[in-house]
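Before any comments, here is the structure.
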């Protein structure tokens with residue numbers, strides 16, 4: 001098996017997005033129907049919730065549904081309302097010592113990874129790593145706001161949106177951490193997630209989201225895979241969430257650390273995971289420089305640099321594995 005990673009620039013949804021849909025839809029369809037056709041919310045409910053909570057996205061959503069063929073199942077999936085449950089690992093930090101960068105590792109199953117970075121200009125220019133075809137795992141907009149997600153380490157599920165579409169919405173409609181926080185406090189999420197935000201004024205915050213309780217905003221630059229406390233012990237042990245968070249908290253207080261030195265630590269254990277058999281291997285490390293509009297994607301033996309001013313479409317194969 002190998003990891004493939006593509007960088008794609010398409011201002012408005014068209015042929016390139018359709019190609020992504022055609023490539024990934026068979027896999028997403030299987031996942032979306034894994035609990036049965038009627039386990040997912042209907043079109044009227046899904047569309048209504050999207051209209052109520054993220055109305056600015058409706059024109060883009062309608063375009064995507066048409067590109068996807070206009071079917072009921074595709075429309076329900078693309079709303080990202082009450083999707084099946086899923087978990088990831090991940091570590092992230094808002095770095096402000098000598099530079100301004102949101103840095104993160106994404107730990108997940110390589111079998112379910114889209115492997116696509118999109119540069120779009122829907123409501124404003126956004127660069128980010130795609131999930132569920134138009135949601136984002138992490139990203140940055142041209143206003144200098146960056147956002148990144150980690151799983152929150154709780155078993156609870158409820159009525160709400162998949163976090164990737166919420167990240168997309170934040171980056172499409174916000175310019176600052178303050179504006180983003182208002183969105184995260186009001187849009188319902190279907191599982192527990194942590195979102196770290198950073199903007200060009202060096203403001204940062206982490207938000208603990210859950211479907212069963214109000215959002216909790218904490219003034220911390222780091223996040224791993226638990227919230228105020230560990231609530232799922234087996235998962236915490238499997239992913240080393242406590243150890244990773246303690247390390248990051250120590251690093252942000254170390255005056256000798258730099259952006260480059262902490263980036264190197266993201267590429268080594270315990271922040272870097274090789275647990276691909278359990279679907280928690282690190283698929284990429286990414287750095288968003290919010291003041292410069294620059295992005296760097298890193299793997300142990302390869303890196304790709306992009307920016308709003310100089311974005312190059314390309315496809316790389318950063319590493320292979322035997323699982």
Does at least one position in segment 105-113 carry a residue that is assigned to a strand (DSSP E or B), in contact with a helix residue (DSSP H, G or I) (Cβ under 7 Å, 6 or more places away or on another chain) and within 26 Å of residue 257 (Cα to Cα)? yes
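If you check residue 192 against the conditions, is it out of contact with any strand residue (DSSP E or B) (no Cβ under 8 Å at 6 or more places or on another chain) and under 26 Å from residue 126 (Cα atoms)?
So residue 192 fails the test.
Residue check: is residue 282 touching a residue at least 60 places away in the same chain (Cβ under 8 Å) and farther than 26 Å from residue 86 by Cβ? Explain how you work it out, then say what you get.
On the way: touching a residue at least 60 places away in the same chain (Cβ under 8 Å): yes; farther than 26 Å from residue 86 by Cβ: no.
Spelling it out, it is not the case that residue 282 is touching a residue at least 60 places away in the same chain (Cβ under 8 Å) and farther than 26 Å from residue 86 by Cβ.
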Within segment 1-47, residues being free of Cβ contacts under 8 Å to residues at least 60 places away in the same chain, assigned to a helix (DSSP H, G or I) and either under 23 Å from residue 297 (Cα atoms) or touching a strand residue (DSSP E or B) at 6+ places or on another chain (Cβ under 9 Å) (or both) number 6
So residue 66, is it closer than 23 Å to residue 46 by Cβ and at pLDDT 95 or above = yes
Reported set for segment 13-39 where residues are crowded, with 17+ Cβ neighbours inside 10 Å and either more than 22 Å from the chain's Cα centre (by Cα) or within 19 Å of residue 111 (Cα to Cα) (or both) is 20, 21, 24, 25, 28, 32
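Among helices (runs of 4 or more DSSP H) lying entirely in segment 162-258, which contain 1 or more residues that are touching a residue at least 24 places away in the same chain (Cβ under 8 Å), under 28 Å from residue 289 (Cβ atoms) and in contact with a helix residue (DSSP H, G or I) (Cβ under 6 Å, 6 or more places away or on another chain)?
On the way: elements: 163-173, 177-186, 233-239, 241-253.
The qualifying helices (runs of 4 or more DSSP H) are 163-173, 177-186, 241-253.
Going by the conditions given, is residue 88 surrounded by fewer than 24 Cβ atoms within 10 Å (Cβ to Cβ) and touching a strand residue (DSSP E or B) at 6+ places or on another chain (Cβ under 8 Å)?
Numbers: surrounded by fewer than 24 Cβ atoms within 10 Å (Cβ to Cβ): yes; touching a strand residue (DSSP E or B) at 6+ places or on another chain (Cβ under 8 Å): yes.
So residue 88 passes the test.
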Of the listed residues (79, 91), the one being at pLDDT 95 or above, touching a helix residue (DSSP H, G or I) at 6+ places or on another chain (Cβ under 6 Å) and more than 16 Å from residue 134 (Cα to Cα) is 91
Filter segment 274-292 for residues that are modelled with pLDDT of 95 or more and surrounded by fewer than 21 Cβ atoms within 10 Å (Cβ to Cβ); the one that is nearest to residue 146 (Cα to Cα) is 291
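Yes/no matrix, rows are residues, columns are (1) modelled with pLDDT of 95 or more; (2) closer than 16 Å to residue 311 by Cα; (3) surrounded by fewer than 18 Cβ atoms within 10 Å (Cβ to Cβ):
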{"residue": "102", "(1), (2), (3)": "yes, no, no"}
{"residue": "106", "(1), (2), (3)": "yes, no, no"}
{"residue": "111", "(1), (2), (3)": "no, no, yes"}
{"residue": "117", "(1), (2), (3)": "yes, yes, no"}
{"residue": "128", "(1), (2), (3)": "yes, yes, no"}
{"residue": "133", "(1), (2), (3)": "yes, no, no"}
* Check whether at least one residue in segment 161-174 is under 22 Å from residue 233 (Cα atoms) and touching a strand residue (DSSP E or B) at 6+ places or on another chain (Cβ under 6 Å), and report yes or no. => no
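So, residue 303, is that one within 21 Å of residue 3 (Cβ to Cβ) and touching a helix residue (DSSP H, G or I) at 6+ places or on another chain (Cβ under 9 Å) or not?
No: the conditions fail for residue 303.
The values are calculated or read from the model by the stated rules, or taken from the named source; none is laboratory data. Predicted model, so just to flag it, every value in this text is computed and none were measured. Quick reminder, even Gly has a Cβ in these numbers, built from the backbone with ideal geometry, and neighbours come from all protein chains shown.
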